[in-house]
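All remarks here apply to the structure that follows.
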Amino acid sequence: MHSNKPLSSEDQVKAIADTAPIMLLMLDKDNNAVYVNASWLYFTGRTIEQETGEQWLKGIHQADLDFCLQTFKKAAFQQSSFKISFRLKNGDHNYHWVVCNGASRLNATGEFDGFVCWCLDIDDVMVANHQENERQALVSSQNEDILSKELLSANEELLTTNEELASTNKALQLTQVKLANLNDELEEKVRLRTTALEESEHEQQTLNEELVATNEELAATNEELATTNEELLSSQRRLEKLLEELKESEHRTRSLIESAPLPIAVYKGREMKIVLANQSIIDIWGKGNDVFSHTYHSLLPELGNQAIYDQLDEVYTTGKAFHARNQRVDIVVDNVLQPFYFNYSFVPIFDTKGEIYGIMNTGAEVTDIVRAKQLVEQSEKNLHNIILQAPVAMCILMGPKHTVMVANDMMIEFWGKERAAILDKPLFEVLPEAREQGLEQIMADVFHRGETFEAVEMPVSLYRGSQNGVIYQNVVYEPYRDNTGKVIGIIAITTDATEQVLARQKLEQSLDEVQKLQRQKDDFIGIASHELKTPLTSLSALIQVLTVKLRDTTDPFVNGALAKANIQIRKMTNLINGFLNISRLESGKIHIEKQHFRLNQLLHEMAEEIQITTHSHSIHIHDHEPVDVFADKDKVGSVLTNLLSNAVKYSPKGKSISVNYVKKDDYVEVSIHDEGMGITEQDLDKLFDRYYRVESSYTKNISGFGIGLYLSAEIIKQHGGRIWVQSKSGEGSTFYFTLPLN
Ligand code: ADP
């Protein structure tokens, strides 16, 4: 391949030498080959590396080497040319005779610098000469003609050869001229270079000085560098430490984020690629743990119509954080779109150049709180509705000033004001007249102590229209609490009891009057029975005397009349005694005088006494072991008489009455059972009240005053016993009483 680059003159010389049909050898002053041309190498069959230096000398026949070296030495000494022949080994390891012309080479300063030698293979000529010598020896012994002829042809051949040699010599001379020119050029170049070298030596010295100075500077710089290096090393160590700490802190931050109960995620780029997300937010998303192969949009497509993508994009565009509170976000969890509530933030994240590269999403799920709040709001709404529709006056008073938050029509009417004038105003500002009546203090106590206040028929003076009247309220002031239990107001419930109070006052008035009348009645009964008792005692004594005097009479009327008179007198005596006892009871003058007696014996006595005047009913006493009691015998006797005569009075004829007694731990229980009309449930409670009588078609023809059971109950109570009845209408009655044994 040819290069277009122009050849240097030395290269040009070599190129010419290489094309020359003659072997060329350039020696330095020590006979080392500095150059051989292509013809030389072709002849010796060796490479240029094998021929350069003193190696080329090995090709010279051993017998010729000394002569050659002597010739070189002499020519070098004389700085002259030489021409010698010697045998040189060719590529086939055969020695050929060569003729060598050498010329001295001088350097730029004119000193001897070696030889330029050009050699020609003359082995054929030398062989021919040898053959000629042999032939000439032969000629002397043979025919001169033949010899002449042969000499002639040999001469011709020699002539031809000589001609060839002459032309070759010409070519050689030409080449020699060219080489001499080239040599001149080379020498000029060498001279120029030497001058340049000298100049450059000077420059080099200057440079050296500069270098020394620079070196010194460099040494100083080096020292500084060494110091800097140390500083760098220590700051590198610090950096490494910092890096380590950073790694540690990054690890900590990451694990902090990952373990945080607060949902945290980081999205990168405008496409919002999920690069960080802790378990908390992964759980909220409800899409499984494989979230990092997603963008926010691909993971949560259901948020597409919920403004959230726009919020993210806005943050990414403006670099301004976005915060939402109690925001409803519908997320598909378990394949169902469900509403959740969050407080969340989208905060831009910037790189070191201040450019936004992502968004951090933090949040807190507040679904429970929001739902609870909604429930509270709902229940507050319900409470307001309840208050507005309540059939009693109700209101809610808020704060320490009792500002009217809600009040129903009844309450507004009760206050006697316009709704607009009272709503959202502190209560005592619009009802100043209520302030002085202790209500303000009561409400303050409810608000500050959190205790309910209840009052019945509390009198309050209020202006109603232009009138200032007293009204009576049943009030309940209940503390109104928020969901933390703190009192924030009062729920007031008021019922107007004015009408009832006035009615009751009227009733009490009439009761007073009734009682007054009752007392007058009692007084009258007391006086009347006292007054009746004396003539009745006389009448009874007179009839006793008359009975004795007329005991022999045979007149049946007289006998019958006396017996009936006796019965009526006993009845009347019992009645008057009852009235007397009542009046004694009222005036507290009844006295219990206790004694020991046998109860079963008294039962028999009282039953027999009743049975004397009663033939329509039979009385049976169930006897057991005798029971002794410590009681007022007369008064217990009057109780038995009353119960037995009632059993007779309120039973149809022919029925029997049974009397029983049972001794228990420390008391005795007596029962009188009849098979009579019985008593309805509503009458049972009132049976022992004073003057109480059952009013029915059955009883309307039975005389009585309704004092017997009342007196009996009082007597038993004064003994520390108990009296009661078991009965059903139409099924008979059993009256019980107990008496303590001691
Ligand atoms: P009185 O018998 O004089 O009316 P009491 O005080 O003895 O007064 O009795 C009160 C009322 O109790 C009676 O009016 C009667 O209606 C009712 N009563 C009393 N004993 C009996 C009884 N054994 N059976 C049904 N009702 C009775």
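The values are calculated or read from the model by the stated rules, or taken from the named source; none is laboratory data. As the structure is a prediction and not an experimental result, all values here were calculated from the model. Please note: Cβ atoms are built from the backbone with ideal geometry, for glycine as well, and neighbour counts cover all protein chains shown. Areas reflect the complete protein model, heavy atoms only, side chains present, ligands, DNA and RNA absent. Shrake-Rupley method; radii C 1.70, N 1.55, O 1.52, S 1.80 Å.
Here are the numbers:
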quantity	calculated
Members of the stretch 687-725 found to be exposed (fewer than 14 other Cβ atoms within 10 Å of the Cβ) and either away from the ligand (no atom under 11 Å from the Cβ) or modelled with pLDDT of 95 or more (or both), listed by number	S697, N701, K717, G720
Subset of the stretch 651-667 that is open to solvent by less than 60 Å² (accessible area, probe 1.4 Å) and either out of contact with any helix residue (DSSP H, G or I) (no Cβ under 6 Å at 6 or more places or on another chain) or under 20 Å from Y698 (Cβ atoms) (or both) - its residue that is farthest from the ligand (Cβ to nearest atom)	Y661
Wholly within the stretch 369-451, helices (runs of 4 or more DSSP H) carrying at least 2 residues that are open to solvent by 50 Å² or more (accessible area, probe 1.4 Å) and out of contact with any Pro (no Cβ under 7 Å at 6 or more places or on another chain)	409-415, 419-422, 440-449
Residues of the stretch 39-49 that turn out to be open to solvent by 80 Å² or more (accessible area, probe 1.4 Å) and part of a helix (DSSP H, G or I), as a count	2
Residues (touching a Leu at 6+ places or on another chain (Cβ under 8 Å) and either touching a residue at least 60 places away in the same chain (Cβ under 8 Å) or surrounded by fewer than 13 Cβ atoms within 10 Å (Cβ to Cβ) (or both)) located in the stretch 346-360	I359
Which listed residue is within 16 Å of the ligand (Cβ to nearest atom) and of a type in the set (A, V, I, L, M), from V648, V627	V648
Residue in the stretch 278-292 that is of a type in the set (F, W, Y), touching a residue at least 24 places away in the same chain (Cβ under 8 Å) and touching a Phe, Trp or Tyr at 6+ places or on another chain (Cβ under 7 Å) present	no
Residue tally, condition touching a helix residue (DSSP H, G or I) at 6+ places or on another chain (Cβ under 9 Å) and part of a helix (DSSP H, G or I), over the stretch 59-91	4
Among (1) on the phi > 0 side of the Ramachandran plot; (2) open to solvent by 20 Å² or more (accessible area, probe 1.4 Å), the one test that G678 misses	(2)
Breaking point among (1) at pLDDT below 75; (2) open to solvent by 60 Å² or more (accessible area, probe 1.4 Å), for K247	(1)
Test: residue in the stretch 632-639 that is more than 30 Å from G526 (Cβ to Cβ), away from the ligand (no atom under 12 Å from the Cβ) and surrounded by 13 or more Cβ atoms within 10 Å (Cβ to Cβ)	no
Residue list for the stretch 306-323, filter: small (G, A, S) and within 24 Å of the chain's Cα centre (by Cα)	A307, A321
